[in-house]
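Following: one structure in structure tokens, then a few remarks.
The values are calculated or read from the model by the stated rules, or taken from the named source; none is laboratory data. Being a predicted model, the structure only gives us computed values, none of them experimental. Glycine also receives a Cβ, built like all others from the backbone with ideal geometry; neighbour counts cover every protein chain displayed.
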Amino acid sequence: MTTTASAASSPPTSSSTVLSVRDLRVHFPTSDGVVKAVDGLDFDIARGKTLGIVGESGSGKSVSSSAILALHNPKRSKVSGQIWLNGTDLLTLGEEEMRKRRGREVAMIFQDPLSAMHPYYTVGNQIMEAYLVHNAVDKKTARARAVEMLDRVGIPQPDRRVDDYPHQFSGGMRQRAMIAMGLINDPGLLIADEPTTALDVTVQAQILDLLQDLQREFDSAVIIITHDLGVVAEMADDVLVMYAGRGVEYGPCREILTHPEMPYTWGLLSSVPDVKGDTDARLIPIPGNPPSLLDPPPGCPFNPRCVHRDKVPGDLCRTQLPLLVEGNRGPGHTKRCHLANPEQIYETEVLPVIAPSLAEER
Amino acid sequence: MFAYIIRRLVSGVVLLLVMSLVTFLLFFASAVDPARVSCGKNCSPALQKQTAKALGYDKPVVLQWTDFLVGIVKGRDYPDDPALKKTAPATIAHCPAPCLGYSKVQNETVTTLVKDALPISLSLALVAFIMWMLGGTVFGVAAALRQGTIVDRGIVGTSLVFFAFPTFFTGLFLYKFVAIKWEIVPIPAYSSIADGGVFTWLNGLFLPGLTLALFYMAGYIRMTRAFVLESFGEDYLRTAKAKGLAPRKVLVKHSMRAALTPLVTMAGIDLAGLMGGAIITESVFNYNGLGKLAVLSTQRLDLPTTVGIVLMLAAFVILANIVVDVLYAFIDPRVRVG
């Protein structure tokens, strides 16, 4: 019943590609039926690049990134497709092989750094642990390395703070420590799952700056999962917009933010407040709620909430799932929408409302 | 931390004082005249008066209480009569500190009675404690790891069965079958370490310890299982896995550590309660522990012994609470007073 675009199933050809996800599906069988949290996802990410994954809660952002680390309980979930990391399909690996890659080839930073750290162990202990598990060194070396990393992420007096407990750190410092823990093994891929959501706005900017600095230094690929388009605009090279477990628009960051072609992306852009923007700009929430992943609506899963549905001839939106294909903007920018002239609708109907000054410029 | 412990100890002593007063008032203000009981079978009014005087029962209750408290610290003589001490020292029973009273019924100081019974109860409590803690955590973790399977249900179900059986049933069952019929272990009898060495001591304690452990284990299995399962959903466990830690390390270092706090709380209270004697188990296996002593003294209306035991038990519970609170600070750094 599901059709996916780009059914490429060969390993990535480009040597700079760190991660290639092909037709990733994460299904959770429940007593009510199968929850299709991720249902056919494709994306690539190259060394040193940042991919932003955006979407509402429950769109499958975090579930797909957990799948990359194989953190889902195999008894309660079904993961299929291909996840090529540095030329190996992770989904074909055994648990022990996968474990050796976690933290070393791919690391993850979580949303709430307070609950993501064990309250009973010192920050240093937890960072050292990440190093010791993949490196045959003694504790003294690991400790020195932990101090070095804490220093690198901007913790003052790292040789003393290394013995503090997480509750003695501030929120921003905890997230810095989590970043230190994630990068201590110099992984090729870092997944940051809403790394700034639980932080103060002022601290958010610092953490994002830090992530960018470190990314340059370590030359790692970063996936940043967020619902904040501001973060995406600041960080990402590529953007993947997710809705109901599928990618609905995918392309270079600038392209997606300036020429979005999918009504859901328009909706996301419309609901972002702009501090610098003109006061005439309106905030327009997307009507309705994300669909049930247990029983998604037929056709395009966004159709019940889509205000532009009537512009598509016939019953197409309600009956047929659009493919993730190139639009009028040329290669590299794909979208999952039946609209024939999305660019025109965006320019004439959406932009004037959400950013009148921008619309005039064009 | 040190100041905190001192503060807790002081408040513990105050609590104990209040406990002692309440116990004292309850028993000595009861309808039973302690002098009449202590006087024995061939009692005459004159003899009863003499007994009352010798044991201090002729004084007001509050004064008796202060005498009792002083006795704990300094020891006391029965009767406390300096004149008699010179003329006939043999008629005076000396009760050295800490004096918990003198039982005329048993013609023995309460301290001596307790001293004989306490090691037996302590040994029993300790052995049972180790058994149920080991069993509780091992089976609890095993059940958590196989949640929802037949293993999980089997462990939880079996533990509940043993919890539901009264200890006299489990005790008698084990006694009859394991010791007598199948002769797997020798007939349990208490032998102190000083008498027969550690092995004999343990051997004698195995069945009664098991009886108690089987009863207490159910709670610990459920608690361990619940808290380990809860920790599986914690973010820090996901972090531990994402680091690439081996499953065993994730379980032992990250998951079980989180389950430790509630277990310590429960264990402290249970162990303290058991130190005061396991009445039924001691009776089944015929151990002359504190529990048996307590039952005997209440049956014989031996008030001084009863008061002494109640106070000791209270002291154990208070002490255990302090120990548990101090342990919290070692387990959970967030509790440490800064």
Matching residues in the stretch A:124-136 (more than 11 Å from every other protein chain (Cβ to nearest Cβ) and either outside any loop (DSSP other than H, G, I, E, B) or in contact with a strand residue (DSSP E or B) (Cβ under 8 Å, 6 or more places away or on another chain) (or both)) number 1
For the stretch B:216-228, does any single residue satisfy the condition of being aliphatic (A, V, I, L, M) and over 23 Å from the mean Cα position of the chain (by Cα)?
-> yes
With the checklist (1) among the aliphatic types (A, V, I, L, M); (2) assigned to a helix (DSSP H, G or I); (3) within 8 Å of another protein chain (Cβ to nearest Cβ) in hand, flag the one item B:L229 doesn't pass.
-> (3)
Per the filter on the stretch B:283-303, residues part of a helix (DSSP H, G or I), of a type outside the set (S, T, Y) and either free of Cβ contacts under 8 Å to residues at least 40 places away in the same chain or under 15 Å from B:A35 (Cα atoms) (or both) are B:A294, B:V295, B:L296, B:Q299, B:L303
Out of the residues in the stretch B:8-45 that are touching a helix residue (DSSP H, G or I) at 6+ places or on another chain (Cβ under 9 Å) and of a type in the set (V, I, T), state the one that is farthest from B:Q64 (Cα to Cα).
-> B:V13
Residue selected from the stretch A:102-119 under the condition surrounded by fewer than 21 Cβ atoms within 10 Å (Cβ to Cβ) and within 7 Å of another protein chain (Cβ to nearest Cβ), by the criterion nearest to the chain's Cα centre (by Cα) | A:D112
Provide a single number: the residues in the stretch A:78-101 that are more than 11 Å from every other protein chain (Cβ to nearest Cβ) and either touching a residue at least 24 places away in the same chain (Cβ under 8 Å) or aromatic (F, W, Y) (or both).
-> 11
Looking at (1) assigned to a helix (DSSP H, G or I); (2) under 30 Å from A:R102 (Cβ atoms), which is the only condition B:A272 fails?
-> (2)
What do you reckon, is A:K75 among the basic types (K, R) and within 13 Å of chain B (Cβ to nearest Cβ)?
-> yes
Contacts under 7 angstrom Cβ, first residue in the stretch A:170-199 being within 23 Å of A:A142 (Cβ to Cβ) and in contact (Cβ under 8 Å) with a residue 12 or more places away in the chain, partner basic (K, R) and in a helix (DSSP H, G or I), 6 or more apart | A:A180/A:R152; A:I184/A:R145
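Could you tell me which residue of the stretch B:244-263 is farthest from the other protein chains (Cβ to nearest Cβ), considering only residues that are more than 30 Å from A:G94 (Cα to Cα) and at pLDDT below 90? Before the answer, list the steps.
Here is the first cut: in the stretch B:244-263, the residues more than 30 Å from A:G94 (Cα to Cα) are B:260-263.
Subset that is at pLDDT below 90: B:260-262.
Numbers: B:L260: 8, B:T261: 9, B:P262: 14 Å.
The qualifying residue farthest from the other protein chains (Cβ to nearest Cβ) is B:P262.
I'd like the residue in the stretch B:56-91 that is in contact with a helix residue (DSSP H, G or I) (Cβ under 6 Å, 6 or more places away or on another chain) and of a type outside the set (D, E, K, R) and, out of all such residues, is surrounded by the fewest Cβ atoms within 10 Å (Cβ to Cβ). Walk me through it before giving the result.
Narrowing the stretch B:56-91 to residues in contact with a helix residue (DSSP H, G or I) (Cβ under 6 Å, 6 or more places away or on another chain): B:56-58, B:61, B:65, B:78-79.
The next check asks that each one be of a type outside the set (D, E, K, R); those that pass are B:56-57, B:61, B:65, B:78-79.
Numbers: B:G56: 20, B:Y57: 21, B:V61: 13, B:W65: 19, B:Y78: 20, B:P79: 18.
Ranking the candidates gives B:V61 first.
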Where a residue in the stretch B:1-18 is of a type outside the set (K, R) and its partner, wherever it lies, is surrounded by fewer than 12 Cβ atoms within 10 Å (Cβ to Cβ), with Cβ under 7 Å and at least six apart = B:M1/B:V337; B:Y4/B:V337
For the stretch A:87-101, name all the residues that are buried (at least 16 other Cβ atoms within 10 Å of the Cβ) and either assigned to a loop (DSSP other than H, G, I, E, B) or modelled with pLDDT under 90 (or both).
-> A:L93
Failed condition for B:A240, given (1) out of contact with any helix residue (DSSP H, G or I) (no Cβ under 6 Å at 6 or more places or on another chain); (2) within 30 Å of A:V106 (Cα to Cα); (3) crowded, with 24+ Cβ neighbours inside 10 Å | (1)
By residue number, the members of the stretch B:304-338 that are buried (at least 20 other Cβ atoms within 10 Å of the Cβ) and either assigned to a loop (DSSP other than H, G, I, E, B) or on the phi > 0 side of the Ramachandran plot (or both) are none
